[in-house]
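Written out below as structure tokens is the structure these notes cover.
The values are calculated or read from the model by the stated rules, or taken from the named source; none is laboratory data. Since we're looking at a predicted model, the values are computed, not measured. Cβ placement follows ideal geometry from the backbone for every residue including glycine, while neighbour counts extend to all protein chains displayed. Surface areas here come from the heavy atoms of the whole protein model, side chains and all, with no ligands, DNA or RNA. Shrake-Rupley method; radii C 1.70, N 1.55, O 1.52, S 1.80 Å.
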Amino acid sequence: MRNLLLVLTGLFVLTVVAISMAAASENSRQTTASPAVTIDMSAAKQKVKRRYYSQQTRIACTPAGCHPVPANCKPVTAYFWDGRPTGFDAVACR
């Protein structure tokens, strides 16, 4: 029983080694077959294009439903007259 376990363990190790060697040789073939890449370090090529994203639309969920908030406004928590939060938003504008 012990000999069978040693044989199976050895076969497993050999299989793992063979698979990793095959993957390594395939990766080396891919890198040698690809053409060399040259990098131009001129000032014009060093500029990075910046992406400017528009501000995300804010949404306020009021008792009338959830709606987008205008540009100079923001959603704030709405409160009852005694100071407890209502669970809805109010829209506060400048």
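Keeping all protein chains in place and using 1.4 angstrom, which order do 80, 12 fall into by accessible surface area, from largest down?
Descending accessible area places them as 12, 80.
Suppose the chain between residue 4 and residue 82 were pulled fully straight at 0.36 nm per residue; how much longer would it get relative to their current alpha carbon spacing?
Extending this stretch completely gives an extra 20.2 nm.
Just to confirm a number: summing +1 for Lys and Arg and -1 for Asp and Glu over residues other than residue 75 whose beta-carbon lies under 10 angstrom from that of residue 75, what do you get?
+1
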